[in-house]
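The values are calculated or read from the model by the stated rules, or taken from the named source; none is laboratory data. As the structure is a computational prediction, the values presented were derived from the model and not from experiment. Cβ: placed from backbone, ideal geometry, glycine included. Neighbour counts: every protein chain shown.
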Amino acid sequence: MKVLRMIGWLLLMMILVAGGIYVYNLWLNQTFVTTFYTMETDKPVEGLRLVELSDLHLSEYGEKNADLVQRVQDLAPDLIVVAGDMDIDTNDDYSIVTDLMAQLVEIAPVYYAPGNHEWAGIYAFGSKNLAADMKALGVHWMDQCWEDVDIGESKLRIGGFFEWPRAELERKGPRQVVEAMDGNTNDLSDRFTLLISHCPELFYTSLKDVQIDLGVSGHAHGGLMRLPWTDGLWSTNQGFLPKYTSGLRQIGESTVVIGRGLGDSEPYPRIFNQPELVVLDIN
């Protein structure tokens with residue numbers, strides 16, 4: 001009887017612990033953390049604050065993302081960068097994204113490079129008007145193009161890839177594609193160059209020999225399950241124990257900031273991996 005009682009208590013403790021972890025993880029995934037990074041450059045940039053959002057996947061933080069918008073506003077960014085996968089490819093209702101972008105453009109200029117979910121939604125499912133809707137709101141839709149941007153004393157060249165440019169990059173060579181986006185073949189060294197690429201893998205594959213001052217990425221969802229001393233358990237394209245899932249990294253010739261993202265992509269849950277809003281101060 002004592003053995004059975006001990007087994008019963010042990011099972012009860014295991015259930016309570018598992019339940020506690022489950023509830024804690026649910027709470028964790030309904031909130032987001034703000035992570036701050038700093039970067040120094042010799043290029044013409046003075047006190048520029050960038051806020052990055054990615055991988056929202058139609059999640060909401062408050063009604064119409066009021067909590068998220070308020071946090072971004074409190075951070076007083078000079079520039080808002082959206083690194084893709086804000087919608088879900090199979091859902092033709094992306095009003096959560098349009099509502100959010102309509103509020104963000106009132107805070108700072110918004111530069112949005114689509115990810116694989118936008119790509120699939122536009123070309124395979126029901127989000128064919130997404131690009132036009134973003135442009136109508138005043139969002140800079142970065143579909144294989146560069147824009148020269150002056151913000152105060154800072155001089156930037158901001159570019160963005162539409163998701164899955166690998167075949168074109170590998171066929172033509174990375175520098176030719178980077179320089180030829182939207183017909184811009186100017187020298188990339190005269191301004192601070194910022195390239196939004198949803199997938200960080202491009203910076204150590206096709207773009208590893210191209211010097212971009214700053215890459216901005218998402219996609220990896222922080223490796224889904226965060227374990228001690230790892231960058232997560234698994235990521236699409238990088239596989240198990242991925243190397244580049246979050247943080248400010250030196251990858252090839254470029255400094256790359258990788259956001260853990262703000263939402264879930266079914267059927268892959270986040271475990272011990274709080275959604276993240278990224279702030280980068282460049283001086």
Query raised in the report: Mind checking which residues of segment 255-279 are within 17 Å of Asp213 (Cβ to Cβ) and either outside the structural domain of Val82 (by TED's automatic domain parsing) or buried (at least 23 other Cβ atoms within 10 Å of the Cβ) (or both)?
Result: Val256, Val257, Ile258, Val278
Query - Hits in segment 192-209 - residues which are more than 17 Å from Tyr112 (Cα to Cα), part of a helix (DSSP H, G or I) and either touching a strand residue (DSSP E or B) at 6+ places or on another chain (Cβ under 6 Å) or at pLDDT below 80 (or both) - result: Phe203, Tyr204
Report task. Could you list, in sequence order, all residues of segment 219-250 that are among the polar types (S, T, N, Q), modelled with pLDDT of 85 or more and assigned to a loop (DSSP other than H, G, I, E, B)? Result -> Thr245, Ser246
Report task. Give, as residue ranges, the strands (runs of 3 or more DSSP E) completely inside segment 62-163 that count at least 1 residues that are over 16 Å from the mean Cα position of the chain (by Cα), of a type in the set (Asp, Glu) and at pLDDT 90 or above. Result -> 145-151
Query raised in the report: All but one of (1) at pLDDT below 85; (2) under 26 Å from Ile80 (Cβ atoms); (3) out of contact with any strand residue (DSSP E or B) (no Cβ under 7 Å at 6 or more places or on another chain); (4) not charged (D, E, K, R) hold for Pro267; which doesn't?
Result: (2)
Query raised in the report: Which pairs do you get when a residue that is more than 22 Å from Ala76 (Cβ to Cβ) and among the polar types (S, T, N, Q), found in segment 97-126, comes within reach of a residue that is surrounded by fewer than 18 Cβ atoms within 10 Å (Cβ to Cβ) and modelled with pLDDT under 90, reach meaning Cβ atoms under 6 angstrom, with the pair 6+ apart or on two chains?
Result: none
Query raised in the report: Restricting attention to segment 83-111, which residues are of a type in the set (Val, Ile, Thr), under 13 Å from Asn65 (Cβ atoms) and touching a strand residue (DSSP E or B) at 6+ places or on another chain (Cβ under 8 Å)?
Result: Ile107
